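The values are calculated or read from the model by the stated rules, or taken from the named source; none is laboratory data. Quantities reported herein were computed from a predicted structural model and do not represent experimental measurements. FYI the Cβ positions are ideal-geometry reconstructions off the backbone, even for glycines, and counts take in every protein chain you see.
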Amino acid sequence: MSDLTPLALLALALGGAFVLAWLERVIAGAGAGPGVVVRDGLATLRQPLSRPGTYDGWLFHLAPGLLLLAAVAALATVPWAPGFRGIDLESGGILFAAALAYVTPAVFMAGWGAGAPLAVVGGFRFLALMLGYAMPIAMVITAVAAPAESLRPADIVEIQHAVPMALVQPYSLALWLPAVMAAALLPPFDVADAPGELGGGVFSRYTGLDAALVALARRVLLLAVAGMTAALFLAGWHGPLLPDAVWMALKTLAVAALLLWAGRRFARVEIDRVVSLAWKVAIPGAIGAIVLAGLTTLLFYR
Amino acid sequence: VVLNGRRPRLEPALVVPDEMSWTMWGTDLRELGVVPAGSATAARSILAPAHVPQALAQALNDARRLAGDDVAVRSPGPSPLLGVRLEDVAEVGTIDALRTEDGRGHHGPEMDGHDQGHGAHGGQDHHDMMAIVGEPSRDGLVMEAIDLEVGPLSGGLAGGLVLALSLDGDVVEDAEVRATLVAGRDAAPLMPDPLTPVTWRVAADVAAEVASGTVARARTQWERLAALEAERALSHLAWLRSFARLLGWAELAAAAQRALAPLVHDTAGAPGDDRLQAATRALAPVLHLAGRARFRRRLAGRGVLRDDPSGLSGPNARAAALARDGRSADPLYAELAFAPVVRSGGDALARASVRIEETRAALDLAVGAAGRARATDAAASGTPGALGSAARAAIEGPRGRILASRAAPDAPLEAVAEGAPAARVAAAAAARGSELSAALVTVASFDLSPWTLGA
């Protein structure tokens with residue numbers, strides 16, 4: 001990690017969020033070029049800060065910052081290229097899960113801080129959702145780490161130089177995708193803000209800088225989970241001809257596009273059904289994935 | 001929609017009273033570069049009629065405070081609504097302010113609901129919202145009830161409807177549906193329900209003919225039938241689009257939008273054959289999506305009717321196994337081999353299925369009727385009894401049968417929308433005991449019009 005790494009990470013967060021906001025518009029069929037993203041961002045920033053009569057100011061205004069912090073921390077653990085990563089720990093995979101875990105209190109604080117019933121309901125919904133889906137995220141990371149015998153994401157990328165993990169452990173990928181979509185507040189798991197139903201839910205009161213921070217944090221979260229998916233399952237920077245970083249960027253964009261597209265294809269999940277699915281299917285499935293990953297490692301990686 | 005060979009830039013807007021109303025009045029919001037905002041704070045502009053009924057004006061001011069006072073307000077086209085001039089709306093005040101004066105607690109407004117918080121404890125700090133006091137509820141947890149109003153400007157329900165809920169956690173303990181709009185006061189004369197303008201215009205014409213003892217020419221009768229069926233298809237698709245937005249299903253909302261776009265037309269005329277054919281082609285993806293297991297899984301068993309369905313009319317009755325359709329006895333519909341669409345579940349899935357299947361049938365009927373109109377001699381006399389013209393206008397509208405009469409051809413319209421009061425009660429009853437989002441889906445599945453429920 002050089003002195004410039006934090007700056008590079010910041011540039012990645014801002015640039016990535018910009019590209020993903022544009023990609024989101026393209027996939028939603030909302031038309032227009034990247035200029036609209038800038039214009040929309042500026043329009044948000046021009047709004048005055050909202051001060052709802054019911055809110056708890058401290059929690060309300062702290063939540064967007066915490067959400068962004070969690071998103072950037074998650075982003076920092078993603079191995080973007082052989083020599084470039086923000087935080088390179090032996091336990092980087094677990095740090096990624098831990099960073100995502102901070103999304104939950106941030107979202108809950110936003111809902112509780114706003115003090116409006118629909119916002120509070122949104123906060124409780126997200127809490128229930130993530131109590132079920134936080135565990136599968138960490139468990140799947142453990143499963144894909146088994147062949148590499150390391151929790152460092154860069155090592156997991158290296159072990160995939162021949163075969164991507166998506167082919168070795170497709171069941172882990174099937175468990176991973178819905179869980180990270182939930183953590184990144186993406187439809188159809190957008191139970192916390194539920195546009196059209198809760199009218200913005202936990203984020204319904206945010207305007208101005210708060211709203212801009214929330215919008216930025218959501219895109220950085222998407223970038224982080226798409227990047228980590230590319231690293232853990234699609235062999236990260238490995239690929240022929242093109243430079244390493246380009247492969248990683250292309251794979252990350254492809255995953256982000258897939259997640260955004262999937263969000264349009266399904267109706268928003270119902271909280272009771274999805275929580276039941278988490279505890280009855282995802283968590284037992286993740287335990288099974290760890291066992292299978294152990295067997296695969298013993299048979300093919302030794 | 002392609003303008004100048006490019007896709008339009010779509011920006012979120014707060015739409016007053018709702019997107020469905022503007023569609024029924026002949027304005028396609030996408031052509032204005034607008035999609036309804038998921039929340040008021042996300043709105044980049046506000047679209048409202050030139051005259052805004054009082055109740056909507058107050059709600060608009062509430063939402064405007066969230067959207068930002070400098071957000072542009074514009075009027076997309078002509079509307080049949082009466083009320084405060086749009087320029088003067090800011091002077092009307094807000095619902096929120098009225099609540100504070102009532103001593104019912106001050107809570108900020110939101111587009112999708114006017115939160116009363118714990119209304120009976122107005123002025124308390126919001127920390128008490130989930131306070132552990134009171135009687136244990138069914139799940140054994142002790143919580144204070146949260147009173148909440150969704151509407152009258154809501155993405156999921158027709159603008160003007162208010163769904164008053166009492167929540168225990170996120171479970172609906174009590175629900176009531178109210179309408180804030182009154183036909184005689186808030187909309188043009190002869191227009192008891194601005195959500196179905198063609199149906200009521202035909203009803204007024206037929207009622208005038210009954211009063212004068214005449215029967216319309218055959219060609220006029222077929223043209224009316226074509227217009228009625230086109231409006232039915234448009235109304236059902238506009239409902240499906242709102243419903244899909246409530247479900248958070250962008251793909252279905254987009255498919256419904258593409259199917260209804262050719263049908264959006266000036267309320268003075270009916271869409272031509274080419275538009276009906278275009279809508280029929282664009283309906284195929286809607287039918288495909290509605291036939292998928294995920295659609296059935298999402299809605300089956302939700303909002304099952306609790307009460308005797310005998311008071312209901314229209315698709316809500318036909319979804320509860322009542323083969324009740326005013327068109328069955330109509331001689332013109334008999335010529336087109338009409339058969340009612342009936343389902344037996346009595347749940348949200350059955351109601352949605354009836355409307356989607358009726359959309360397909362309505363487009364076929366409209367094409368058939370338009371063909372007959374073209375083939376009919378202009379001087380040919382009409383069929384007595386068509387559209388109830390023997391005694392009074394009796395027309396099966398998109399939400400049920402309407403009966404209309406006039407004492408004289410130019411007298412005011414006396415009209416009844418059958419099934420509307422029963423649907424209001426049934427929707428509230430079916431919502432009780434369900435989780436908040438299931439309750440919203442339940443109420444939306446009844447496709448209530450705020451104009452026919454009464455104040």
Next item on the list: Could you grab me the full set of residues in the range B:47-88 that are within 23 Å of B:Gly26 (Cβ to Cβ), without any contact (Cβ under 8 Å) to a residue 60 or more places away in the chain and assigned to a loop (DSSP other than H, G, I, E, B)?
Entry: B:Ala48, B:Pro49, B:Ala50, B:Ser75, B:Pro76, B:Gly77, B:Pro78
Check: Limited to the range B:318-359, what total is found for residues that are in a loop (DSSP other than H, G, I, E, B) and acidic (Asp, Glu)?
Finding: 3
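Wholly within the range B:372-455, which strands (runs of 3 or more DSSP E) include no fewer than the required count, namely at least 2 residues that are surrounded by fewer than 19 Cβ atoms within 10 Å (Cβ to Cβ)?
The qualifying strands (runs of 3 or more DSSP E) are B:414-417.
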Item checked: Residues of the range B:167-202 satisfying the condition of being among the polar types (S, T, N, Q) and assigned to a loop (DSSP other than H, G, I, E, B) -> B:Thr180, B:Thr196
Checklist line | Residue list for the range B:422-441, filter: among the β-branched types (Val, Ile, Thr) and either within 14 Å of the chain's Cα centre (by Cα) or within 23 Å of B:Arg185 (Cα to Cα) (or both) | finding: B:Val441
Item checked: Check on A:Val19, farther than 27 Å from A:Trp112 by Cα and within 7 Å of chain B (Cβ to nearest Cβ) -> no
Checklist line | Residues of the range A:25-49 classified as within 8 Å of chain B (Cβ to nearest Cβ) and either touching a Gly at 6+ places or on another chain (Cβ under 6 Å) or in a strand (DSSP E or B) (or both), total | finding: 2
Next item on the list: Determine whether B:Ser79 is over 25 Å from A:Arg25 (Cβ atoms) and of a type in the set (S, T, N, Q).
Entry: yes
Next item on the list: Could you tell me which residue of the range A:163-222 is farthest from the other protein chains (Cβ to nearest Cβ), considering only residues that are aromatic (Phe, Trp, Tyr) and crowded, with 24+ Cβ neighbours inside 10 Å?
Entry: A:Trp176
Next item on the list: Can you give me the number of residues within the range B:273-299 that are of a type in the set (Gly, Ala, Ser) and surrounded by 14 or more Cβ atoms within 10 Å (Cβ to Cβ)?
Entry: 4
Check: Does B:Ala404 meet the test of being in contact with a strand residue (DSSP E or B) (Cβ under 7 Å, 6 or more places away or on another chain), closer than 21 Å to B:Arg302 by Cα and among the small types (Gly, Ala, Ser)?
Finding: no
Next item on the list: Considering each of B:Ala250, B:Ala293, B:Ala256 in turn, give the residue that is free of Cβ contacts under 8 Å to residues at least 40 places away in the same chain, in contact with a helix residue (DSSP H, G or I) (Cβ under 6 Å, 6 or more places away or on another chain) and closer than 25 Å to B:Gly346 by Cα.
Entry: B:Ala256
Note to self: Being more than 29 Å from A:Trp22 (Cβ to Cβ), surrounded by fewer than 22 Cβ atoms within 10 Å (Cβ to Cβ) and of a type in the set (Ser, Thr, Tyr): is that true of A:Ser91 here?
What the structure shows: yes
Next item on the list: Hand me the list of helices (runs of 4 or more DSSP H) wholly inside the range A:50-128 holding 1 or more residues that are within 10 Å of chain B (Cβ to nearest Cβ) and within 24 Å of A:Pro195 (Cβ to Cβ).
Entry: A:103-114
Margin query: Can you confirm whether B:Ala43 is at pLDDT below 85, crowded, with 24+ Cβ neighbours inside 10 Å and either touching a helix residue (DSSP H, G or I) at 6+ places or on another chain (Cβ under 9 Å) or among the charged types (D, E, K, R) (or both)?
Written below: no
Check: Taking into account only those residues within the range A:105-123 that are touching a residue at least 40 places away in the same chain (Cβ under 8 Å) and of a type in the set (Val, Ile, Thr), which is surrounded by the most Cβ atoms within 10 Å (Cβ to Cβ)?
Finding: A:Val107
Note to self: Quick check on the range B:164-193: of everything there that is closer than 17 Å to A:Leu118 by Cβ and modelled with pLDDT under 85, which residue is farthest from the other protein chains (Cβ to nearest Cβ)?
What the structure shows: B:Gly169
Next item on the list: Please verify whether the range B:91-107 includes one or more residues that are away from chain A (no Cβ under 14 Å), loosely packed, with under 13 Cβ neighbours inside 10 Å and either in contact with a His (Cβ under 6 Å, 6 or more places away or on another chain) or modelled with pLDDT of 70 or more (or both).
Entry: yes
Check: So which pairs qualify, if the first residue must be in the range B:20-43 and more than 13 Å from chain A (Cβ to nearest Cβ) and over 17 Å from B:Ala256 (Cβ atoms), the second must be crowded, with 20+ Cβ neighbours inside 10 Å and small (Gly, Ala, Ser), the Cβ gap must be under 7 Å, and the two must be at least 6 apart or on different chains?
Finding: B:Trp25/B:Ser79
Notebook entry, point to check: How many residues are of a type outside the set (A, V, I, L, M, F, W, C), surrounded by 18 or more Cβ atoms within 10 Å (Cβ to Cβ) and modelled with pLDDT under 95 when one looks only at the range B:315-332?
Noted result: 5
Note to self: Residues that are closer than 17 Å to B:Leu240 by Cβ and hydrophobic (A, V, I, L, M, F, W, C): does the range B:309-317 have at least one?
What the structure shows: no
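Taking the condition under 30 Å from B:Ser166 (Cα atoms), touching a helix residue (DSSP H, G or I) at 6+ places or on another chain (Cβ under 8 Å) and more than 12 Å from chain B (Cβ to nearest Cβ), does A:Tyr133 pass?
yes
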